[in-house]
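Below is one structure; the comments refer to it alone.
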Amino acid sequence: MKRLRVIPTLATALLLPLLASCTEKPPAHDRAEAGDHEHGEAAHDETEVAFEEGRGLRLPVATASALGIRTAQVEERILAPRLTVAASVFETGSTARALALVPAELADEIERCRPERAELISVRRDVASALKQVEIVFALEGAAAVGDSVQVVLRGPERRVRALPRSAVHRTATGAFVYVATGEWWQRRELTLGAADDSYVEIVKGPAVGEAVASAGVEQLWLTELRFTKGGGHSH
């Protein structure tokens, strides 16, 4: 029986070396350089400060440490509320009267507290729908002139509340917020705050008990985020 032999054509003979060269593995040193390049890109990504809408600001641990970022947990604690309300004197006489406009949540807290060197005269909620504020009127002890700005201090009974350090709260013209930590990501969340003492402030609306928040370096986080959202920094 004759053996069948396959004889390649001239074109096939010319293509075989080319195909073989395409499938050959690159030299070891080339593969090592390629691996180093890919690893370098990954390492660069891991150390990059970034911002992603809906997720927040990404700060590598070393960068956060350099910026002085520290964290604290939202917790339940006993708080002896102390409120300071800014009011404007609108009437004088035997007893001066001062008016304050406050958010509804704060008005609820004011009604539970006792003013120092003043008396709570009225709480008008009918103006809240128009101004989104509640009108509070105090009778003041001592002399005052119309137009004077006064600080009315109120204290309330101790109670257990959800709270975070006062240092964690950052205030701007648009309201108060806090940065919540998830790994290397810092998400800015709006806050509605209640009563406070010298160190802690009550959370009416905001992060849950057990969540970690930035308690130091908050302004640095805010300025870094602004660099991405307002200053043209790279974001995803």
Quiz item: Modelled label-to-label distance, Phe90 and Arg171, 7 Å Cα→beta-carbon offset: nm?
Solution: 2.2
Quiz item: Got a sec to turn the phi values of the stretch 122-127 into Karplus ³J(HN,Hα) couplings, 6.51 cos²θ - 1.76 cosθ + 1.60 with θ = phi - 60°, whole Hz, x for Gly and Pro?
Solution: 7, 10, 9, 9, 6, 8
Self-check item: Modelled label reach - Glu52, point 7 Å along Cα→Cβ, the stretch 179-214 residues with backbone N closer than 20 Å
Solution: 179-190, 212-214
Practice problem: Convert each backbone phi in the stretch 100-106 into a coupling constant with the Karplus relation 6.51 cos²θ - 1.76 cosθ + 1.60 (shift: θ = phi - 60°), then list the ³J(HN,Hα) values in order as whole Hz, x for Gly and Pro. | Solution: 10, 10, 9, x, 4, 4, 6
Exercise. Quick one: which residues, 5 or more positions from Tyr200 or on another chain, have an amide H under 5 Å from its amide H? H modelled 1.01 Å from N in the peptide plane, none for Pro or chain starts.
Key: Arg166
Quiz prompt | Burial ordering of Trp186, Trp222, fewest other beta-carbon atoms within 10 Å first | solution = Trp222, Trp186
Quiz prompt | Added length on full extension, which subtracts the Cα-Cα distance from 0.36 nm per residue, Leu131 to Val209 | solution = 24.9 nm
Quiz item: Ordered by residue, what ³J(HN,Hα) values in Hz, to whole numbers, does the stretch 207-220 give under the Karplus form 6.51 cos²θ - 1.76 cosθ + 1.60, where θ = phi - 60° and Gly and Pro are x?
Solution: x, 7, 4, x, 6, 8, 10, 6, 10, 8, x, 5, 5, 5
Quiz item: Using a Förster distance of 22 Å, how high is the FRET efficiency between Gln187 and Ile78, based on the Cβ-Cβ distance and rounded to 0.05?
Solution: 0.20
Quiz prompt | Euclidean distance between Cα centres, the stretch 186-223 to the stretch 141-177, Å | solution = 15
Quiz item: Considering amide H positions built from the backbone, and no H for Pro or chain starts, which residues 5 or more places from Ser215, or on another chain, come under 5 Å of its amide H?
Solution: Arg70, Thr71, Ala72
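Every number in this text was worked out from the coordinates using simple rules, so none of it is lab data. Nothing here was measured: the structure is a model prediction, and the numbers come from that model. All Cβ positions, glycine included, derive from the backbone under ideal geometry; neighbour counts span all protein chains shown.
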